[in-house]
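I have placed the structure first, in the form of structure tokens, so that the comments after it can refer back to it.
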Amino acid sequence: MSAAALALVLGSAAVHALWNALLADADDTHATTAVMLVAGVVLFAPVAALTWDVDGEATPYVLASGTLELVYFALLATAYARAELTFVYPVARGSAPVIVLLVSVAALGAAVSGLQAAGVLAVAAGVLLVRGLGRGRGADLALALVVGAAIAGYTLVDDHGLRHAAPIGYLTLVLVIAAVPYAAVVGPAALRRAATGRAVLAGALMFGAYLLALGALEVAEAAPVAALRETGVVMAAVGAAVWGRTRVPLARVLGACVVVAGAAAIALG
């Protein structure tokens with residue numbers, strides 16, 4: 001992997017971790033999520049218009065992905081309202097590639113390598129460390145795992161949908177489908193209260209992380225890019241431990257590292 005590709009993918013991981021940190025720290029995670037979605041659409045719609053290339057065959061994938069993204073953001077906002085970034089983020093991000101692999105095996109007959117099997121076990125061990133042995137956080141863990149399932153769902157859909165559309169136009173349409181009903185449910189009053197520069201920045205970072213990942217994919221193979229993007233989990237854990245307002249247990253940081261190692265093994269296997 002070239003230095004440029006490495007910089008792009010690590011930048012994508014850092015930006016992704018940062019917008020999640022901004023959302024997790026918000027007073028009203030649901031209203032902030034709605035502002036983020038609307039800001040992302042407004043900021044990048046002009047770019048999408050200039051690079052527009054969306055076939056009619058992409059329509060069912062756009063609709064399915066938009067629905068899954070809506071579910072994902074609603075669940076993520078709910079999870080961050082209940083639990084810390086360092087709990088939710090590693091579990092959600094780490095479980096997603098495991099679920100994608102399991103669905104690929106069960107539905108598509110894909111083979112599983114020894115490295116991928118080891119990766120699944122590593123993710124499971126890392127999740128246990130993040131959760132904390134013997135702690136009664138079953139509901140929070142289940143919610144974070146459902147967030148991971150939503151990520152896996154739209155990842156599988158987008159893998160097919162992007163064959164019929166340019167990425168920026170495709171993502172903009174997907175975000176429109178998620179943003180409109182989300183903003184409508186949150187309501188104008190809550191939107192106005194949450195419409196801060198911090199929330200708009202988080203929306204721009206959300207879209208920017210995707211663009212950086214696309215840039216990395218243009219100059220490098222998908223497997224190492226997917227593996228290195230998971231380093232955002234460690235960045236979020238270390239960042240919260242160093243600069244966060246609450247103490248992060250060392251076991252949770254270690255668990256995040258184990259989750260990243262497992263997810264990398266799945267991607268590279």
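Quick look at the numbers
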quantity: Residue, surrounded by the most Cβ atoms within 10 Å (Cβ to Cβ), within segment 111-131, restricted to residues that are touching a Gly at 6+ places or on another chain (Cβ under 6 Å) and in a helix (DSSP H, G or I); calculated: V123
quantity: Every residue from segment 105-130 that is under 19 Å from the mean Cα position of the chain (by Cα) and either of a type in the set (D, E, K, R) or more than 20 Å from C257 (Cα to Cα) (or both); calculated: none
quantity: Residue list for segment 142-186, filter: within 13 Å of the chain's Cα centre (by Cα) and of a type in the set (F, W, Y); calculated: Y154
quantity: Odd one out for T67 among (1) of a type in the set (V, I, T); (2) within 23 Å of A152 (Cβ to Cβ); (3) at pLDDT below 95; calculated: (3)
quantity: Residue selected from segment 127-164 under the condition small (G, A, S) and either farther than 22 Å from V103 by Cα or touching a Leu at 6+ places or on another chain (Cβ under 8 Å) (or both), by the criterion modelled with the highest pLDDT; calculated: A150
quantity: Segment 237-250 - residue that is in a loop (DSSP other than H, G, I, E, B) and not hydrophobic (A, V, I, L, M, F, W, C) and, of those, nearest to P97 (Cα to Cα); calculated: P249
quantity: Checklist (1) surrounded by fewer than 22 Cβ atoms within 10 Å (Cβ to Cβ); (2) farther than 30 Å from G119 by Cα; (3) among the β-branched types (V, I, T) applied to V174, failing item; calculated: (1)
quantity: Test result for V225, surrounded by fewer than 20 Cβ atoms within 10 Å (Cβ to Cβ), assigned to a helix (DSSP H, G or I) and β-branched (V, I, T); calculated: no
quantity: Residues within segment 157-171 that are outside any helix (DSSP H, G or I) and surrounded by fewer than 21 Cβ atoms within 10 Å (Cβ to Cβ), tallied; calculated: 4
quantity: Check on F73, touching a helix residue (DSSP H, G or I) at 6+ places or on another chain (Cβ under 8 Å), aromatic (F, W, Y) and over 18 Å from I151 (Cα atoms); calculated: no
quantity: Residue count, segment 176-205 (criterion: touching an Asp or Glu at 6+ places or on another chain (Cβ under 9 Å) and more than 25 Å from T59 (Cβ to Cβ)); calculated: 5
quantity: Single condition P97 does not satisfy, out of (1) outside any helix (DSSP H, G or I); (2) crowded, with 24+ Cβ neighbours inside 10 Å; calculated: (1)
quantity: Residue list for segment 36-88, restricted to those being surrounded by 16 or more Cβ atoms within 10 Å (Cβ to Cβ), outside any helix (DSSP H, G or I) and among the β-branched types (V, I, T); calculated: V54
quantity: Test: residue in segment 142-156 that is touching a helix residue (DSSP H, G or I) at 6+ places or on another chain (Cβ under 6 Å), in a helix (DSSP H, G or I), under 15 Å from F44 (Cα atoms) and in contact (Cβ under 8 Å) with a residue 40 or more places away in the chain; calculated: no
quantity: Residue match in segment 251-264 (condition: within 20 Å of A24 (Cβ to Cβ), in contact (Cβ under 8 Å) with a residue 60 or more places away in the chain and outside any helix (DSSP H, G or I)); calculated: no
quantity: Meets criteria (part of a helix (DSSP H, G or I) and basic (K, R)) for R193; calculated: yes
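The values are calculated or read from the model by the stated rules, or taken from the named source; none is laboratory data. For clarity, every value in this text was computed on a predicted model and none was experimentally measured. Note that we place each Cβ from the backbone using ideal geometry, even for glycine, and neighbour counts take in every protein chain shown.
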